[in-house]
Amino acid sequence: MSDATVGIVGAGITGLALTHHLAERGVDSVAFEAEAEAGGVIRSVERDGRVLEVGPQRIRKTPGVAALVESAGLVDDLIEVEESLPLYVYADGRLREAPFDRSTFLRTDLLSWPGKLRFLAEPLTSAGDPDETAGALFERKFGTEGYRNFVGPLYGGIYGSDPAHMPARYALAGLLEREAEAGSLLTAFRQRVGGGRSFPPISFDDGMQSLPRALADAHADRVRLDTPVTAIREEGGAGTASADGRYVVETPDDAVTVDHVVVTTRGDVAAELLAPLAPSAQALRDLRRAAELRPDGTLAITMEPAQQLWVEKLRQGSGAEALERAATEVLGRSPAGISLEQTSKGNGRTEGPARPNREQALSRARQDPLVRSLFNRFGAVVLDGQPVDPEDGSDRGPQATDPA
Ligand SMILES: Cc1cc2nc3c(=O)[nH]c(=O)nc-3n(C[C@H](O)[C@H](O)[C@H](O)COP(=O)(O)OP(=O)(O)OC[C@H]3O[C@@H](n4cnc5c(N)ncnc54)[C@H](O)[C@@H]3O)c2cc1C
């Protein structure tokens, strides 16, 4: 059995950044990655000479990210997106600029006048409750329209998830703390978004996966690919902590004894791995709850250049199911810049009808007027990692309309 100070489960960006910082401090570590490649949800693929993002399209160049990029030797590959590009929300069949400043807020038709007033009444609502979902909290504080047409798409777009599936305790931890200081979630939200916006969104010439790839290469001696962790137990047997409280991390090939374990996997996997160690922890119950609620699929749609960052949400039928979309342009990407759109699908409401399976979701997305219009406009749309022709679908949707 081998030995390390820190065992890290997962080599997505969290596991890799931790690996990097531990290496910088001379702390011995080993990261176990189930897949053949590092990066987790950050995945960039090349199609027809273009870079397509399957996962996130950009990160903010915070000082921490900038330092990581420099250490990874990626400064020359960096693409900074122009900060002044507007952000759009797709609602009721049309793209509308997200109202971040007062004058856009006043003139936007993303919210009706009653919806605007309800949105601005947020400081009068009671404080956010960590036991709510982020979606329930947003709807209660900003009103149904403010949540559905503005806050929900923005927040869901960032995480590629549905706020209705995100426990506020974790998803909004920072915001709730700020709310307590600022006296209103709106002020806290504006401080956060405003603060975030002062760091430009970035990507890389070969896509977002450049960063995890470079970090995994730089620390190849600390990252074990194709090595899923099957169990974590206390040394000496389940429930029997050894004298020095060490853990055994088990993989199909071997077991490694470590002083500390950091689990960076998706919530449901983390809950499975950690359950034998802390069966009664509140965090585990929340992880399980989140895992039960998690959306059953993510579709990525990609298209060619536009001069905007887009975050969208499309309501379908009764509104019981929500499709959330986020899109961003990364200027300078091959061949003349590329704009990416992403869709994550989940139930917007718990009382909604059963979720369609992946094929049905793809078929629906293919028929979506927006997909058709993007195809007509840009000539390339990628759904679920595959270029598609919207006309391929057996049941044709309505004619495309130009979104811009
Ligand atoms: C579709 C989507 C779009 C997003 N868009 C943006 C964006 O534009 N900007 C932004 O800042 N953020 C975005 N996010 C959020 C951001 O991408 C994630 O928060 C971040 O990448 C998560 O990284 P992670 O390392 O924590 O987790 P993950 O990327 O999930 O990595 C976990 C790793 O653990 C591995 N693993 C799982 N089980 C095991 C096991 N048993 N043993 C060993 N390894 C295991 C997995 O293979 C994976 O590599 C987006 C997220 C998604 C899903």
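Where a number appears in this text, it was derived from the coordinates with a stated rule and is not lab data. Note that the structure is predicted; figures quoted are calculated from it, not measured. Here the Cβ is made from the backbone with ideal geometry for all residues, glycine too, and neighbour counts use every protein chain on show.
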What percent does the relative contact order of the stretch 101-197 come to when contacts are Cα pairs within less than 8 Å and at least six residues apart?
-> 29 percent
Using 7 Å Cα-to-Cβ label points, what is the Glu46/Thr230 separation (nm, one decimal)?
-> 3.7 nm
Simple label model, 7 Å out from Cα along Cβ direction - Glu70 to Ser126, nm | 4.8 nm
Within the stretch 11-49: backbone nitrogen closer than 19 Å to the Asp221 label point (7 Å, Cα to C-beta) | 16-33
Note the full-extension length gain between Ala180 and Asp268 as 0.36 nm times their separation in residues minus their Cα-Cα distance, in nm to one decimal.
-> 28.7 nm
Per the Cauchy relation, a quarter of the hull surface: what is the mean projected area of the convex hull of the alpha carbons in the stretch 23-70, in nm²?
-> 5.1 nm²
Over the stretch 101-197, what lengths in whole Å, largest first, do the semi-axes of the equivalent ellipsoid take, defined as the square roots of 5 times the eigenvalues of the alpha-carbon gyration tensor?
-> 19, 15, 14
Given 0.36 nm per residue, what is the gain on full extension from Glu80 to Arg60 after removing their alpha carbon distance, in nm?
-> 6.3 nm
